[in-house]
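Student: Below you will find the structure I want to go over with you.
All of the numbers you see were taken from the coordinates with simple rules; none came from a lab. In this text the structure is predicted, and so the values were computed from the model without any measurement. Virtual Cβ from ideal backbone geometry, glycine too; neighbours counted across all protein chains shown.
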Amino acid sequence: MTTTTETRLEFRKLSARIGAEIRGLDLSADLSDATIAQIREALNTHKALVFRDANIRDDDAQVRFASRFGPLTQAHPTVASVDGKPSVLPVDSENGSANTWHTDVTFVVNPPQASTLRSITLPAYGGETLIASAAGAYADLPEELRNFADTLWAIHTNDYDYSVPKNLEHENAEERRKEFTRLKFETAHPVVRVHPLTGERGLFIGGFAQRLRIVGLSNTESKDILRLLQAYVTRPENVIRVNWEPDQLVLFDNRITQHYAPDNYDGQPRQLNRVTVAGDVPVGIDGRRSTAIQGDSAAYSETVVLPANVDGGRL
């Protein structure tokens, strides 16, 4: 009897703490379960994967690939999808740039577990995506600060002060803001989240936690503490800078990263399409789960139910 040996994928590390890339893997092909398992393993290890020459040429191919990692979310809880593609969100420079550090859709109780971004229209220069390791940030904390962070919970919301000077706002900023906040969401999440597959701890904060507060503290105290913790996330050693190429896809673990798209391309067209994979309810180190305060995310995404042998994020 002949046995088939699955080819081992070779990802090249992009930095010590986060990121790896592979070139020429045809993501539009009917990938085997073993190949998908290797990609998941690499994602658990590197947290952000860059697929160059990926042969993902349309939304349908991106949707098929993303769905191999679990059920898909709708494009966004409040923002319109690509016409006829309910799971595909256009990330288009015409609607402004996401030039704040954030984790996708943390204002709901069940944020996506993973995000895919596909290059469509790229500027001649600039337009990169920065991705940061929240696990590296947590590991960097001094023990006393780490122990303090372990006890904290923060309120995340989509209805927050963007704090962008009017002279720097995109011309469609007001309309975009109204669309983004047409439904209001608030959720209490642990500041330190335990990854359900690896058991790693990461700082689960970012832009959607910036307006409100840490539970039990004043707004002023909350802002100071969140600013301190966020500074560890964005330390250069925790960040990779992804330079976009045509026919490229990026997959990152939304449970334990943040990302930022700098507005550094002088108004040139830039469009990526995003498809996200449904996630579980975050869990803190004491086993408590996030709770919704306002807004029902059921229409946006189902909640992934983890296997019974996953307890506190450890298999």
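Student: How many lysine pairs in the chain, separated by 8 or more positions in sequence or lying on different chains, have Cα atoms less than 24 Å apart? Provide the component values of the computation, followed by the final result.
Tutor: Values: K13/K47; K85/K178; K85/K184; K166/K178; K166/K184; K166/K223; K184/K223.
Close lysine pairs found across the chain: 7.
Student: Okay, moving on. Based only on Cα atoms, what mean projected area does the convex hull of the chain have, in nm²? The partial results should precede the final answer.
Tutor: Values: hull surface 68.7 nm².
Directional mean of the projected Cα hull area for the chain stands at 17.2 nm².
Student: Another question, if that's okay. Determine the relative contact order of the range 186-256: mean sequence separation of Cα pairs under 8 Å and six or more apart, normalised by residue count, in whole percent. Write down the numbers at each step before the final one.
Tutor: On the way: 40 pairs, mean separation 21.4, N = 71.
Worked out over the range 186-256, it gives 30 percent.
Student: Please arrange S119, S15, S133 by how many other C-beta atoms lie within 10 Å of their C-beta, fewest to most. Numbers along the way, then the final one.
Tutor: Numbers: S119 21, S15 17, S133 30.
Lowest count first: S15, S119, S133.
Student: What does the extension gain come out to for S67 and D266, with contour length at 0.36 nm per residue minus their alpha carbon separation?
Tutor: 68.2 nm
Student: How do E179, E174 line up, fewest other C-beta atoms within 10 Å first?
Tutor: Working: E179 15, E174 10.
Arranged by neighbour count, lowest to highest, E179, E174 become E174, E179.
Student: Quick check on the chain: helices-only [θ] at 222 nm, where DSSP H runs of length 4 and up contribute -39,500 (n - 2.57) each and the sum goes over total residues. Nearest 500, please.
Tutor: On the way: 6 runs with 60 residues, N = 315.
So the helix-based figure for the chain works out to -5500 deg cm²/dmol.
Student: Please compute the length gained on full extension between T303 and R8, using 0.36 nm multiplied by the number of residues separating them and subtracting their Cα-Cα distance.
Tutor: Numbers: separation 295, 0.36 × 295 = 106.20 nm, distance 3.17 nm.
Full-extension gain reported as 103.0 nm.
Student: Quick one: among N273, N110, N219, which has the greatest mean-square fluctuation in a GNM of the chain with alpha-carbon springs under 10 angstrom?
Tutor: Answer for the Gaussian network model of the chain: N219.
Student: Quick one: compute the contact order of the range 37-131, relative version, from alpha carbon pairs under 8 angstrom and 6+ residues apart, as a percent. Working shown, then result.
Tutor: Details: 43 pairs, mean separation 18.5, N = 95.
It comes to 19 percent, rounded to a whole number.
Student: Please work out the ratio of the alpha-carbon Rg of the range 83-152 to 2.2 N^0.38 Å and round it to two decimals. Walk me through the numbers on the way to the answer.
Tutor: Numbers: Rg = 16.7 Å, N = 70, 2.2 N^0.38 = 11.1 Å.
Cα-based Rg divided by the globular estimate yields 1.51.
Student: While we're here: By counting other Cβ atoms within 10 Å of each Cβ, how are D159, D26 ranked from fewest to most? Write out the running numbers ahead of the final one.
Tutor: Values: D159 17, D26 13.
Taking fewest neighbouring Cβ atoms as first place, the list is D26, D159.
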